[in-house]
1. Using the count of nearby Cβ atoms within 10 Å as a rough guide to exposure, how do ARG45, ARG4, ARG59 rank from fewest to most?
2. Expected output is a single nm value to one decimal: the length gained when fully extending between GLU40 and ARG3, i.e. 0.36 nm times separation in residues minus the C-alpha distance. What is it?
3. Amide H of VAL57: which non-local residues (sequence gap of 5 or more, or other chain) have their own amide H closer than 5 Å, using H built in the peptide plane?
4. Give the order of VAL11, VAL43, VAL57 when sorted by the count of other beta carbons within 10 angstrom, beginning with the fewest.
5. For VAL32 and HIS53, what does the FRET efficiency come to when R0 = 30 Å and r is the distance between their Cβ atoms, rounded to the nearest 0.05?
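FYI, it's all coordinate maths here, none of it is from the lab. The structure presented is a predicted model; accordingly, all values stated were derived computationally and were not measured. Here the Cβ positions follow ideal geometry from the backbone for every residue, glycine too, while neighbour counts run over all protein chains shown.
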Amino acid sequence: MRRRYGVMLMVLFAVIARLPLSAPLVKAAEPVRQQPAKPEAVVARLMSFDTNHDGRVTRAELPERMRGLLVRGDFTKGRARWC
């Protein structure tokens, strides 16, 4: 039994020794390029958070991670965006 493990280890080391050190073992994947979002899709996504259906999205209706969008997109310094 021990002899079999010894032979297997020798074969494994011989295979590893023949591998070039500079070649990667796994080929790197190509980066995925995303299409830019269409304005209509962005507006539709934002309006999906309008829970009271009054035509505007307030800070309270948005999830915490998206509340920064109001600050960046609010040029009138109000709390809601009309669509």
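1. Ascending Cβ contact count within 10 Å gives the list ARG4, ARG45, ARG59.
2. 6.4 nm is the gain from fully extending GLU40 to ARG3.
3. Sorted by chain and number, the residues that satisfy this are ARG81.
4. VAL11, VAL43, VAL57
5. For VAL32 and HIS53, the calculated efficiency is 0.25.
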